[in-house]
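Following: one structure in structure tokens, then a few remarks.
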Amino acid sequence: MSPAATALTVMIAIVAVGTAVGFLAGSRRRMDLEQWTVGGRGFGTLLVFLLMAGEVYTTFAFLGVSGWAYSRGGPVLYVLAYVTLGYVISFFILPPLWEAGRRHRLQTQPDFFDARYGNRYLAGFVCVVGILAFIPYLQLQLDGVGIIVSVASFGHIGRVPAMAVATALVVAFVFANGVRAVAWVSVVKDLLMIIAAVAIGIGIPLAHFGGIGAMFTALVHAHPGHLTLPGATRSLGHAWYITTVLLTACGFYMWPHTFSATFTARSADTLRRNAVVMPLYTLTFALVIFAGFATLLILPHLRDGDLALLTVARQTFPPWFLGMIGGAGALTAMVPAAILILTAATLFAKNLYRPLFAPAMTDAAVARLARAMVVLLGAISLGLAIHGSDTLVALLLTGYALIAQCFPGVVLGLYWKRATAAGVLTGMIAGMLAAIALMSAGLDPVAGLNAGFIALCINFIATVAVSLTRRPHPDTSADSSKPTALRPNALRKR
């Protein structure tokens, strides 16, 4: 059997196993809206860990991080900082969110805004922001599948056919079993990704340089400025690093799919334990970064940094192991793509279509519409991925600049009784317009600062200023220092 056939066989087998797990995950459960979106609110620590890891550690972690380590150097280290800080923030905001979700049967991010602020227009705007932010994130995942399968198959399978097949599989198991399918496919994906990360992060430096230390010594001599800021760039210096870490840490759990994953947990303590344990998974990022640095020395003239990891793996490992890495990478793209499509479909059906066009729709009808939207959104996402282009990290940072604008409304809604719908809506609009204007004009960074962070600061200022001129929602208690979501009258009954 040829090397290409061997790698391809192993990769197809892994993807087939992951897909089968997705189809079997909820086969014995009645998939009503509650089960389909939040898994019946019964996930324990391990399943929540796997679900959130499946959502967070995506193609960006597998290809984008190694690509930036290869092409930009020092600035890639922001990844290690923002993920860890994001978990610190989650320790304080996810448990009260879970309490609110349990008490008021919240299923989506707009549900929280509607309940806390009593304004369906604000909730609808949050819904639209979430769907818009998903566009670059979904493109990132499907682009990643195309790159992984094309390189791992030695070019025998093209980028577009690979993306089409992956999209079809994702749509199929999400349509069938919702979030439970995503959680159980994550079990397969996370196990394989850990094996792949250890193999490439340690194996590639060991095979080519004799070890990680020797690899760094060679890198310092060959590219003395690569490991410091701004690395191989001109503008991604210390100010950019700090503001990017702050922006992305604040936006970490503002993605509608990670926000909704909070409601799948069995208890608030499950989320606290998860926040303590999850940073250990960040070690896989360090290993992938090592591989990117090593590739710069081994293959210094690649045109596309996102190809660095798989290209050097193809030269270093036997074909069967390359197939395993390719299969792990494919599932790493498919799992988050699945939850993104599921969440976007739910947002459209539950928080846009029903409130605006069919208020009398039952949950069963919403579930049917959401399933239909899964198919449509899958097709739209595939089209965007085929015709779009950008580096994987740039796509993710664009999405973060948009979705982080939800952070003031969430954190002030939990901890500041004076926050109002008018203030939050004004702040979000101001932040979104600032982010879009700066990034569209190519002004990112601005005076060394991340454009999305500047937009987030504008958002906070506008939210607080307008809220101070308005009366808070009448259901908000004024006599407690506890998080708003924990107070009996803080969220209006749904």
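The values are calculated or read from the model by the stated rules, or taken from the named source; none is laboratory data. Just so it is clear, the model here is predicted, and its values are computed rather than measured. Glycine also receives a Cβ, built like all others from the backbone with ideal geometry; neighbour counts cover every protein chain displayed.
Observations, loosely collected:
- ARG159 vs. criteria over 17 Å from the mean Cα position of the chain (by Cα) and surrounded by fewer than 18 Cβ atoms within 10 Å (Cβ to Cβ): no
- Residue count for the range 321-347 satisfying the condition of being within 14 Å of ILE195 (Cα to Cα) and either among the aromatic types (Phe, Trp, Tyr) or under 13 Å from the mean Cα position of the chain (by Cα) (or both): 2.
- The one condition in (1) buried (at least 22 other Cβ atoms within 10 Å of the Cβ); (2) part of a loop (DSSP other than H, G, I, E, B); (3) of a type outside the set (Phe, Trp, Tyr) that VAL170 fails to fulfil: (2)
- Among the candidates ALA394, ALA286, residue that is surrounded by fewer than 24 Cβ atoms within 10 Å (Cβ to Cβ), in contact with a Gly (Cβ under 8 Å, 6 or more places away or on another chain) and either of a type in the set (A, V, I, L, M, F, W, C) or part of a helix (DSSP H, G or I) (or both): ALA286
- For GLY431, the stated conditions hold: it is under 19 Å from THR248 (Cα atoms) and part of a helix (DSSP H, G or I).
- Test: residue in the range 403-410 that is crowded, with 23+ Cβ neighbours inside 10 Å, assigned to a helix (DSSP H, G or I) and either hydroxyl-bearing (Ser, Thr, Tyr) or in contact with a Pro (Cβ under 7 Å, 6 or more places away or on another chain) (or both): no
- Test result for ALA218, in contact (Cβ under 8 Å) with a residue 60 or more places away in the chain and touching a strand residue (DSSP E or B) at 6+ places or on another chain (Cβ under 9 Å): no
- When ARG303, ARG314 are screened for being among the basic types (Lys, Arg) and under 23 Å from ALA214 (Cα atoms), only ARG314 passes.
- Residue match in the range 368-379 (condition: at pLDDT 90 or above and of a type in the set (Lys, Arg)): no
- Residues in the range 105-146 that are surrounded by 24 or more Cβ atoms within 10 Å (Cβ to Cβ), among the β-branched types (Val, Ile, Thr) and farther than 20 Å from GLY427 by Cβ: THR108, VAL145.
- Pairs are defined by a Cβ separation below 6 Å, a sequence spacing of at least 6 or placement on different chains, a first member in the range 66-80 that is buried (at least 23 other Cβ atoms within 10 Å of the Cβ), and a second member that is charged (D, E, K, R) and assigned to a helix (DSSP H, G or I); the pairs so defined are GLY67/ASP306.
- For ARG102, the criteria (1) in a helix (DSSP H, G or I); (2) closer than 23 Å to VAL424 by Cα; (3) touching a Lys or Arg at 6+ places or on another chain (Cβ under 8 Å) hold in every case but one, which is (2).
- Some residue of the range 340-354 being out of contact with any Phe, Trp or Tyr (no Cβ under 7 Å at 6 or more places or on another chain), surrounded by fewer than 19 Cβ atoms within 10 Å (Cβ to Cβ) and without any contact (Cβ under 8 Å) to a residue 24 or more places away in the chain: yes
- Meets criteria (in contact with a Leu (Cβ under 9 Å, 6 or more places away or on another chain), surrounded by fewer than 22 Cβ atoms within 10 Å (Cβ to Cβ), under 26 Å from ALA214 (Cβ atoms) and touching a residue at least 60 places away in the same chain (Cβ under 8 Å)) for ILE298: no
- The one condition in (1) within 28 Å of LEU122 (Cβ to Cβ); (2) modelled with pLDDT of 85 or more; (3) part of a helix (DSSP H, G or I) that LEU296 fails to fulfil: (1)
- Test for ALA328: is it under 18 Å from LEU138 (Cβ atoms), among the small types (Gly, Ala, Ser) and part of a helix (DSSP H, G or I): no
- Every residue from the range 457-490 that is part of a loop (DSSP other than H, G, I, E, B), buried (at least 18 other Cβ atoms within 10 Å of the Cβ), modelled with pLDDT under 50 and not charged (D, E, K, R): ALA490
- Failed condition for ILE454, given (1) buried (at least 24 other Cβ atoms within 10 Å of the Cβ); (2) closer than 22 Å to ILE242 by Cα: (1)
- Consider the range 360-371 and keep the residues that are in a helix (DSSP H, G or I) and free of Cβ contacts under 8 Å to residues at least 12 places away in the same chain. The one that is nearest to GLY144 (Cα to Cα) is ARG368.
- Scanning the range 417-432 for residues that are surrounded by fewer than 18 Cβ atoms within 10 Å (Cβ to Cβ) and at pLDDT 95 or above yields ALA422, ILE429.
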